[in-house]
1. Among the GluC sites (Glu not before Pro) within region 40-124, which fall in a DSSP loop and have no more than 15 other Cβ atoms within 10 Å of their own Cβ?
2. Over the Cα atoms, compute the radius of gyration (one decimal) and Dmax (the largest Cα-Cα distance, rounded to a whole number) for the chain, in Å.
3. Residue by residue through region 60-77, what is 3J(HN,Hα) from phi via Karplus (6.51 cos²θ - 1.76 cosθ + 1.60, θ = phi - 60°)? Round to whole Hz and write x for glycine and proline.
4. Between His109 and Ser85, what is the label-point separation in nm under the 7 Å Cα-to-beta-carbon projection?
5. Could you please state how large a percent of the accessible area of the chain is carbon and sulfur, counting protein chains only and using a 1.4 Å probe?
6. Looking at the chain, send over the antiparallel percent of its DSSP beta bridges, to the nearest 5.
7. Full-extension gain between Arg53 and Gln12, please, as 0.36 nm times their residue separation minus the C-alpha to C-alpha distance.
8. From the mean inverse distance of alpha carbon pairs (Kirkwood) and the Cα radius of gyration, derive Rg over Rh for region 67-124.
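The values are calculated or read from the model by the stated rules, or taken from the named source; none is laboratory data. Treat the numbers as computed from the prediction; the structure is a model and nothing was measured. Glycine also receives a Cβ, built like all others from the backbone with ideal geometry; neighbour counts cover every protein chain displayed. What goes into the accessible areas is simple: the full protein's heavy atoms, side chains included, and nothing from ligands, DNA or RNA. Shrake-Rupley method; radii C 1.70, N 1.55, O 1.52, S 1.80 Å.
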Amino acid sequence: VQLQASGGGLVQTGGSLRLSCAASRLPISSYTMHWGWFRQAPGKEREFVAGIRRNFVTDYADYVEGRFTISRDNAKNTVYLQMNSLKPEDTAVYYCAVDSSPTYSRSPHDYNYWGQGTLVTVSS
């Protein structure tokens with residue numbers, strides 16, 4: 001299984017970025033999986049950012065609600081994270097992950113497969 005994340009970069013406060021994560025060689029159909037985006041800033045633990053269930057219901061952490069949008073394209077085995085109104089505190093390495101279990105979770109421990117991460121830096 002391979003998850004390839006892309007789209008990170010350097011942006012000014014208030015700017016936007018769109019992250020993508022494409023999965024390949026999944027053992028089961030991506031239709032049955034939940035997807036999540038997480039992030040990890042230097043010296044901090046990995047934290048939940050956004051998730052999208054296999055039924056397309058979305059879920060956001062409070063600190064990104066209203067600014068970030070997660071979406072998925074099952075035909076392309078790809079999930080996206082549109083990030084608007086970025087703040088310096090959004091600076092982190094962003095990771096995508098998939099969870100093949102039936103129950104949706106925000107915990108990174110419940111996700112089976114992980115991408116390599118893409119760095120997002122928001123300058124003030």
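1. Details: sites: Glu45, Glu47, Glu65, Glu89; in loops: Glu45, Glu65.
Passing both the DSSP loop test and the Cβ count: Glu45, Glu65.
2. Values for the chain (Cα only, Rg and Dmax): 13.5, 42 Å.
3. Couplings: 9, 5, 4, 6, 10, 3, x, 10, 10, 9, 9, 8, 9, 10, 5, 4, 9, 6 Hz.
4. Here the modelled spin labels are 3.3 nm apart.
5. 49
6. On the way: 37 of 41 bridges.
Around 90 percent antiparallel, to the nearest 5.
7. Details: separation 41, 0.36 × 41 = 14.76 nm, distance 3.08 nm.
Between Arg53 and Gln12, full extension yields an extra 11.7 nm.
8. On the way: Rg = 13.1 Å, Rh = 13.1 Å.
For region 67-124, the value is 1.00.
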